[in-house]
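One structure is given here, and the rest of the page talks about it.
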Amino acid sequence: MNEQAVINLVIEASRFVFDEALKTDVAMKGKADFVTAVDLKISGFLKERLGEITPDIGFMSEEEEGELAPRRWILDPIDGTTNLVYDFRLSSVSLAYFDGKRVTFGVIYNPYTKELFVGKRGEGVRYNGRLLPKAPDRDPADCLIEFGAGSTKKQYTEEHFAIAKDVFLECLDLRRMCSSALAIAYVAAGKLNGYFERAIKPWDYAAATLMLEECGGVASDWQGKPVPYDKPSSYVCGTPKAYRVLMDSIRRHHT
Ligand code: LIP
């Protein structure tokens, strides 16, 4: 696989974020669940262009139904669609390569800040070209934690906020970036230290989890099991100390 060609395609696809006509063409997939023509355009563009350069690799995307090939690209064309709709300028394109057993390559690009994360299994993560060191394993009192609540998952409000309250009291502070891919990549880069959310999808975390693990972080579902790449899951991650605090709080409140 020509990895640089794949990275270039992700960056090229992200230009649609700046197309006002596409951005304001918004539909609802469900209550509080937006999809814009940007999501669809990026998904269609990458499906076609990845199909040309890697015809033997299947394609799974947030905006694409269908059979799952064992070896596949896993794409979130826009992670942070609500942010995009509100022009909050914090979204990313997230692409992972799943080899049938695990994710071995991933690219996350934030077109607003031009932040580029490229992760390769066993070879670490490059952030804007620079190899990231191991993420610092801060004491919980010094940890910044992304609180993922998901505006479409209000049924989990009690649980989410009970966990968040414990974490807020034990850690330095909470953040709500609302782009899971970027938040997890930020944990890898040491800009955040942990993240939890009751129900997200493989395209939200596939590329970023590889990056997190390469930087010494830990990720699992809320039972402590490895996250799946073919169905939705609960998700918790962090550097080791932050992960333990998050899991303790989840065990106290998750029913
Ligand atoms: C969203 C995530 C967000 C999470 C939502 C949703 P989308 O992805 O990035 O952080 O809270 O549940 O999954 O729909 O914007 O790609």
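Just so you know, all these numbers are worked out from the coordinates, no wet-lab data involved. If you're wondering where the values come from, they're calculated on a predicted model, not measured in any experiment. Backbone-built Cβ (ideal geometry, glycine too); neighbour counts: all protein chains shown.
Here are some notes:
- Of all DSSP beta bridges in the chain, antiparallel share, percent nearest 5: 80 percent
- Gap separating the Cα centres of the range 1-69 and the range 182-255, nearest whole Å: 24 Å
- Residues residue 113 and residue 154, FRET efficiency given R0 of 51 Å [Cβ-Cβ distance, rounded to 0.05]: 0.95
- For the range 140-253, the Cβ-based charge dipole about the Cα centre amounts to some 220 debye (Lys, Arg positive; Asp, Glu negative; other atoms uncharged).
- Debye, to nearest 20: dipole size of the range 1-97, +1 on Lys, Arg Cβ, -1 on Asp, Glu Cβ: 120 debye
- The smallest convex shape that holds all Cα atoms of the range 140-253, its convex hull, gives 85 Å³ per residue.
- Options 209, 58, 113, ranked by Cα towards positive dipole end of the chain, top entry (Cβ charges): 209
- Placing unit charges on each Cβ (+1 for Lys and Arg, -1 for Asp and Glu) gives the chain a dipole about its Cα centre, and among 14, 73, 183 the Cα reaching farthest toward its positive end belongs to 183.
- Rounded to the nearest 20, the size of the Cβ-charge dipole of the chain about its Cα centre is 480 debye, with Lys and Arg at +1 and Asp and Glu at -1.
- Its residue count N fixes a reference of 2.2 N^0.38 Å for the chain, and the Cα radius of gyration divided by that reference is 0.95.
- Nearest 10 degrees, 0 to 90: helix 157-170 Cα axis against the chain principal axis: 60 degrees
- Applying a 4.7 Å cutoff between beta carbons, the unpaired cysteines of the chain are 178, 215, 237.
- Contact order normalised by residue count of the range 3-131, Cα under 8 Å, 6+ apart, percent: 18 percent
- In order along the range 82-97, the phi-based Karplus estimate (6.51 cos²θ - 1.76 cosθ + 1.60, θ = phi - 60°) of 3J(HN,Hα) comes to 4, 4, 4, 4, 8, 6, 7, 6, 8, 8, 8, 9, 10, 10, 10, 10 Hz; Gly and Pro are listed as x.
- Area projected by the alpha carbon convex hull of the range 204-254, averaged over all directions, nm²: 3.4 nm²
- Counting only DSSP beta bridges with both residues in the range 140-253, the antiparallel share comes to about 55 percent.
- Spin-label model, residue 86/residue 128: points 7 Å from Cα along the beta carbon direction are separated by 2.6 nm.
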